[in-house]
Amino acid sequence: MTRILVVEDEPNLRKLIKTNLAASGYEVVTAADGEEGMSLTQEESPDLILLDIRMPGMSGWDMLIALKTNPKVKKMPVIIMTASAPEESEEYKMRSMRAAGYLVKPFGVDVMLSKVKEILESK
Amino acid sequence: MAEKINKTREELLNELEKLRQRVAELEKSNIAEREETSKAFRASRRKQRTSTAELRKSEPGRKQLQATLRVSEDKLEESEEKFRSLITNLKLGISRSTPEPGGVYLKVNPAMSEITGYSREELLKMKVADLYYHHEERKAALGKIMADPHQPVETTLKKKDGTVRMVSIKGAPVRDSWGRIRYFDAIIEDITERKQAEDALKQSEERFRKAFHSSPVAMRLIGLESGRMVDVNEYFLKLVGYSREEVIGHTTRELDILREKEEAHLERVRILKETGRITDLEIKVYTRAGEERICLMSSELLLLDGKEYSLSALKDITELKKSEEALRRSEEKLRLVFESAGIDIAVTNLSGAITEANSRMVETLGFKSRTELAGKNIYEFITQRSHTGALKMRQTLEKGIKGMEYMLYHADGTKFPGEFTASILKDAAGSPAGFIVTVRDITERKQAEDKARELRVLREVDHLRSELMANVSHELRTPLASIKGFTTTLLRSDVKWSEEEQRDYLQTINRETDRLTRLISDLLDMSRIDAGALKLELGTCHLQQIIDAASGRLTTLTQRHQLNIALPLDLPKVHADELRIGQVLTNLTENATKFSPEGSEILISAEPAGDQVIVSVTDHGQGIASELMGKLFDRFYQAQRIADGHKGGTGLGLTICKGIVEAHGGRIWVESKLGEGSKFSFTLPAARGD
């Protein structure tokens, strides 16, 4: 069974994403911040990570860099969730290159599900 | 003049000598002459007698003879008269005395009485030697006369009144037919005054000679016509480097000492002849070694023995000139530095009065000329124009100032920012004599600095604004993400949601829509406050009414906390917009819940304070660091804090509270202690007459 880690600080959205992914037959693990996300990554070795960028404490960026610099998990696909479109700044683009894909908030569940499916299939 | 006297005297003496000889001749020929005369007379008588007859016959012839006789008698008389008057009126004593050592006067003229003070009778009675100061001097004098009758003998006589006179005696022995000296004839002249004058002259000449030779300046005496040096002193020789032999008898031109043109020399001679002197003429003197010396020359026209001389004193001022020149050059250099330094410089005395200023300073302070600025006090140009200000300035100046910035006054009264430097100027003794003040007009620099600061602020504002935009956009997108997400969840056709699930999702959508609405209204409030367009609906009400009106929201917010409200019974009503103050209370309460632990107390309290009411919201939360308290109400800071802390909300809450409170004429502040909690307070105007 495909396992997906969702890292999102906003409880409503965490619940929203988990509910829909579960309804689509995925096994879902959730974390409320970057630190929790990192430890769950080690413990659960998910097939995909949905990562919110703007979070207190260890932000999505910090976690993305931590993932991509760790040889054990660096091939793990990450979809970042952000409130701003990546083309708004060069820096954003550069950093997002290491992400497998992105979702711009607010996004429809359908868009999310097809993005997840697309990334998992391209693996 | 002396010459003239001399000559006259000489002439007189000669004449007298002639007369004396004639007298002697007359003496000799006297008898013979008389005999002759009487013979002639007798003859003429005879002639007369013999001719009387004839004369009688011829009367005209007799008369002619008588006339001739008269003429000859007149002539004789005239001649004798002349001699008498001469020896009477002359101040020359004439005497005839006997040759023995004591001697007796045989004849004296009246002048002898004048010279000796004795009367003629007294003189004829006394011994000649007694007149001499020393008795034996007569013998000596006679000896000298015998030896050389042409040489006058100088000796001393004692006058009757005891005074001593110098006399010159010219004498001659008169001998009889056997050659024996019968008597001495002598001409005596009182030369005391002349001697004294001669002595005085001798002394003055001596003094001159000494002054000339021992003078500490170079001196030379030149024949004005010949231009030849007659005498020079040691200093002159030292100055020109020649020996006395090389100089005396030569002209300065021959020695090429002055290296000047003929015309210059002639011009000098002309001036000297006309005015008698030349004073402090600067000339160049070339030494034997060819070295140039600068001298001040003063010349005086002198008449010596009827010849014109130029007496010159030369003072070597070469070293003085050199040091003057060096000083002038150094001053010039300093002046050049003073003028060309790219800075405004002034020199003041101790009380601050400007004594010198360069043209830049004159220009900077707005004056037309240096003279216009001179004497003005430097303190006048410093903004602190008051007396105490000037005193303070002086104290500051005395310590020395480096790069202090002051507002300075321009002559036209306008101000400009200036950088001021003052250093103490010390006199030769090392005590303070004034100040050297420099001023730099830093208007442009200030403007540039201001611009840079403005630009920095603008950039910061810009940065914070984009940060705020990012926050606002995030805060807006979060509820939107929920709404969109749950809406699309419900719209999923592949999943059949239970009724409970559907209801849960719809409630979330509803709650997030409210949150979005509040956010939007916060943003609108903020922009109204920014624009000063916040409209209040003021009314008189009790604080309790306001709390009641907001109770629903307050209760919701404090579900996990313990909300206490403590209002004193005598609390006056307030003049306020009920809804807006309710908004302030809920905002403060919401903040309190965000930053304090669940279950802790949140207290809303109030107290009267004069014509105001102070309302406070107190929590027992984490508290706020003191350095952050000042920034709490700053919108930009809030935006940043949100980014770091992320406690939800736009972060505009406190800024909106401040805007609302200030619109009521009140103020808002915070008291806090880290780890103990925070107390936010604001004032409201108490309603009057209620």
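The values are calculated or read from the model by the stated rules, or taken from the named source; none is laboratory data. Just so it is clear, the model here is predicted, and its values are computed rather than measured. Virtual Cβ from ideal backbone geometry, glycine too; neighbours counted across all protein chains shown. The accessibility values were calculated without ligands, DNA or RNA, using every heavy atom of the protein model including side chains. Shrake-Rupley method; radii C 1.70, N 1.55, O 1.52, S 1.80 Å.
Would you pull out the residues with amide H under 5 Å of B:Ala433's amide H, same chain only if 5 or more places away, H placed 1.01 Å from N?
So B:Ala433 has HN proximity to B:Leu425, B:Lys426, B:Asp427.
Mind checking which lysines have their C-alpha under 16 Å from B:Lys631, skipping anything on the same chain fewer than 8 residues away?
Candidates past the 8-residue exclusion: B:Lys658, B:Lys673, B:Lys679.
How many nm separate the modelled label positions at B:Ser323 and B:Leu628, each set 7 Å beyond the Cα in the direction of the Cβ?
7.7
Would you mind calculating the gained length between B:Arg667 and B:Glu332 on full extension (0.36 nm times residue separation, minus the Cα-Cα distance), in nm to one decimal?
Extra length available between B:Arg667 and B:Glu332 comes to 113.9 nm.
Using 1/(1 + (r/R0)^6) with R0 = 45 angstrom and r between the beta carbons of B:Lys535 and A:Arg98, what's the FRET efficiency to the nearest 0.05? It would help to have the intermediate numbers written out before the result.
Working: r = 51 Å, r/R0 = 1.13.
Efficiency, rounded to the nearest 0.05: 0.30.
Residues in segment B:407-427, backbone N under 15 Å from the label point at B:Ile343 (7 Å along the Cα-to-beta-carbon vector): list them, ranges by number please.
Correct set: B:418-425.
On the accessible surface of segment B:443-531, probed at 1.4 Å, how many percent belong to carbon and sulfur atoms?
Looking at segment B:443-531 in its full context, I get 54 percent from C and S.
Taking 0.36 nm per residue of sequence separation and subtracting the Cα-Cα distance, how much length would be gained by fully extending the chain between B:Ala374 and B:Glu676, in nm to one decimal?
Length difference between fully extended and current span is 102.0 nm.
What do you get for trypsin sites (Lys or Arg not before Pro) in segment B:498-592 restricted to DSSP loop and a cutoff of at most 14 other Cβ within 10 Å of the site's Cβ?
B:Lys535, B:Arg560
In whole angstrom, note down how far apart the Cα centers of segment B:545-578 and segment A:9-45 are.
40
Kindly provide the chymotrypsin sites (Phe, Trp or Tyr not before Pro) of segment B:146-213 that DSSP labels as loop, not H, G, I, E or B, and whose Cβ sees at most 11 other Cβ atoms within 10 Å.
Passing sites in segment B:146-213 are B:Trp178.
Please enumerate, by chain and number, the lysines with C-alpha under 20 Å from the C-alpha of B:Lys376, excluding those fewer than 8 residues away in the same chain.
B:Lys368, B:Lys392, B:Lys415
Can you list residues from other chains, or at least 5 along the same chain, whose modelled amide H is less than 5 Å from the amide H of B:Arg182?
The list, which skips near neighbours in sequence, is B:Val174, B:Arg175, B:Asp176.
Sequence gap of 8 or more, or different chains, plus Cα separation below 16 Å: how many lysine pairs satisfy both in segment B:171-320?
Details: B:Lys202/B:Lys210; B:Lys238/B:Lys284; B:Lys238/B:Lys315; B:Lys261/B:Lys284; B:Lys273/B:Lys307; B:Lys284/B:Lys315.
Final tally of qualifying lysine pairs is 6.
How many angstrom lie between the C-alpha centres of segment B:257-278 and segment B:142-172?
Using only Cα atoms to place each centre, the spacing works out to 50 Å.
Please list, short to long, the whole-number percent of alpha-carbon pairs of chain A in consecutive 10 angstrom bins beginning at zero.
Spelled out per bin, shortest first, that is 13, 52, 32, 2.
So what J values fall out for segment B:165-172 if you push phi through Karplus, 6.51 cos²θ - 1.76 cosθ + 1.60 with θ = phi - 60°, rounded to Hz, Gly and Pro as x?
For segment B:165-172, the Karplus-derived couplings read 10, 8, 10, 10, 10, 10, x, 8 Hz, x marking Gly and Pro.
Can you compute 3J(HN,Hα) from phi for each residue in segment B:212-222, using the Karplus curve 6.51 cos²θ - 1.76 cosθ + 1.60 with θ = phi - 60°, rounded to whole Hz and x for Gly and Pro?
4, 7, 9, 5, x, 10, 6, 10, 8, 10, 10
Return the FRET efficiency for the residue pair B:Ala140, B:Glu234: r is the Cβ-Cβ distance, R0 is 51 Å, and the value is rounded to the nearest 0.05.
Efficiency at R0 = 51 Å is approximately 0.70.
Using Cα positions and a limit of under 23 Å, work out the lysines in reach of B:Lys333, with same-chain residues fewer than 8 apart set aside.
B:Lys321, B:Lys322, B:Lys426
If you take the beta carbon distance between B:Ser521 and A:Ile65 as r and set R0 to 51 Å, what does 1/(1 + (r/R0)^6) give as a FRET efficiency, to the nearest 0.05?
Numbers: r = 38 Å, r/R0 = 0.75.
Plugging the Cβ-Cβ distance into 1/(1 + (r/R0)^6) gives 0.85.
Total Å² of accessible surface buried at the B-A contact, 1.4 Å probe, nearest 100?
When B and A are taken together, about 1900 Å² of accessible area is lost.
At what distance in nm do the modelled label points of B:Glu467 and B:Arg253 sit from each other, each positioned 7 Å from its Cα along Cα→Cβ?
10.0
Tell me which of B:Val472, B:Leu519, B:Ser498 sits at the most positive position along the dipole axis of segment B:423-520, charges placed on C-beta atoms (Lys, Arg +1; Asp, Glu -1).
Value computed over the given set: B:Val472.
Please list, in chain and number order, the residues 5+ apart from A:Tyr102 or on another chain whose amide H is under 5 Å from its amide H, with Hs placed from the backbone.
Under 5 Å from the amide H of A:Tyr102: A:Ile80.
Can you work out the Karplus-derived ³J(HN,Hα) for every residue in segment B:137-152? Use 6.51 cos²θ - 1.76 cosθ + 1.60 with θ = phi - 60°, whole Hz, and x for glycine or proline.
Result, rounded to whole Hz: 5, 5, 4, 4, 4, 5, x, 5, 5, 4, 5, 8, x, 7, 8, x.
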